[in-house]
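> Next up is a structure, given as structure tokens.
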Amino acid sequence: MKKVKLLALSIAAVVAVGTLNAQTSTSNKMKEKTVEVGGAPMYPSKNIVENAVNSNDHTTLVAAVKAAGLVETLMSAGPFTVFAPTNAAFEKLPAGTVETLVKPENKATLTAILTYHVVAGRLDAKEIARLIKEGNGKAELTTVQGGKLWLWMKDKTLWIKDEKGGMASVTIKDVYQSNGVIHVIDAVVLPKG
């Protein structure tokens, strides 16, 4: 009888600890300062890919990242700053562009475009503002692809210019990730060549 009671107490303790751990995990997620992107909270404790897959506004970007084979890279420690175009940003490209880019034979071009949206390091809005001030109103960033992006503020909006003269604005800034930060942008930026 004592063994049965001891077993029952042990099981109850395991269940209680499991429940407490689940509640603590849920509680910790609730305490995280999240930003909503594409209808989903972006958790600072998750990496770029873990968060991006939940955003309804970034399904095209996620598909492109998968097609380019960049999932593992964007799940690594980083840190990375990602200028993340929305689905609407991709829709601004000429008809058929995305469908063509995700084909296996265009993987190198797709990879170049996607890595042009990534800068090494964790550049939040405060750090970008500092770089803009240091650059007398404009910051020049070198992307992981090797190209340049230029950033500046105009009417309280952060603007980005690409090497082809295209422009994008940041619509949601400082979406912190465990391995970097995302800034949502309203256009796809393109490297020269």
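The values are calculated or read from the model by the stated rules, or taken from the named source; none is laboratory data. No experiment lies behind these values; they were computed from the predicted model shown. For neighbour counting, all protein chains shown are included, and Cβ atoms are generated from backbone atoms with ideal geometry for every residue, glycine included. The area values use the complete protein model at the heavy-atom level, side chains included, leaving out ligands, DNA and RNA. Shrake-Rupley method; radii C 1.70, N 1.55, O 1.52, S 1.80 Å.
> Please report the carbon-and-sulfur percent of the accessible area for the range 72-157; probe 1.4 Å, protein heavy atoms only, DNA, RNA and ligands left out.
57
> Continuing with the same structure: Using a cut-off of 16 Å between alpha-carbon atoms, which aspartates and glutamates can reach residue 133, once sequence neighbours fewer than 8 places away in the same chain are excluded?
124, 155
> Starting from the Cα of residue 142, step 7 Å along the direction of its Cβ; do the same at residue 126; then give the gap between the two resulting points in nm.
2.6
> Could you tell me the relative contact order of the range 42-143? Use alpha-carbon pairs under 8 Å, at least six residues apart, and round to a whole percent.
27
> Under a plain spin-label model, where a point goes 7 Å from the Cα along Cα-to-Cβ, how far apart in nm are residue 155 and residue 50?
For residue 155 paired with residue 50, the spin-label model returns 3.9 nm.
> Turning to a different aspect of this structure: Could you tell me the ratio Rg/Rh of the range 43-93? Both radii from Cα atoms, Rh via Kirkwood.
Values: Rg = 10.9 Å, Rh = 11.4 Å.
Ratio value, two decimals: 0.95.
> A follow-up question, please. Anything over 25 Å Cα to Cα? Flag those among 33/148; 107/156; 66/92; 33/154, in the order listed.
Beyond 25 Å between Cα atoms: 33/148; 107/156; 33/154.
> Heavy-atom accessible area per residue, the range 57-193, 1.4 Å probe: how many Å²?
51
> Could I ask something else about it? Report the charge-dipole magnitude of the range 57-106 in Debye, nearest 20, computed about the Cα centre from +1 at each Lys and Arg Cβ and -1 at each Asp and Glu Cβ.
Values: 3 positive and 5 negative charges, 7 e Å.
Here the size comes out at about 40 debye.
> Length gain on complete extension for the stretch residue 97 to residue 33, per 0.36 nm per residue less the alpha carbon to alpha carbon distance?
19.4 nm
> Expressed as a rounded percentage, what relative contact order does the range 88-193 have, with Cα pairs under 8 Å and six or more residues apart? List each step's numbers first, then the result.
Details: 162 pairs, mean separation 26.2, N = 106.
The normalised contact order for the range 88-193 reaches 25 percent.
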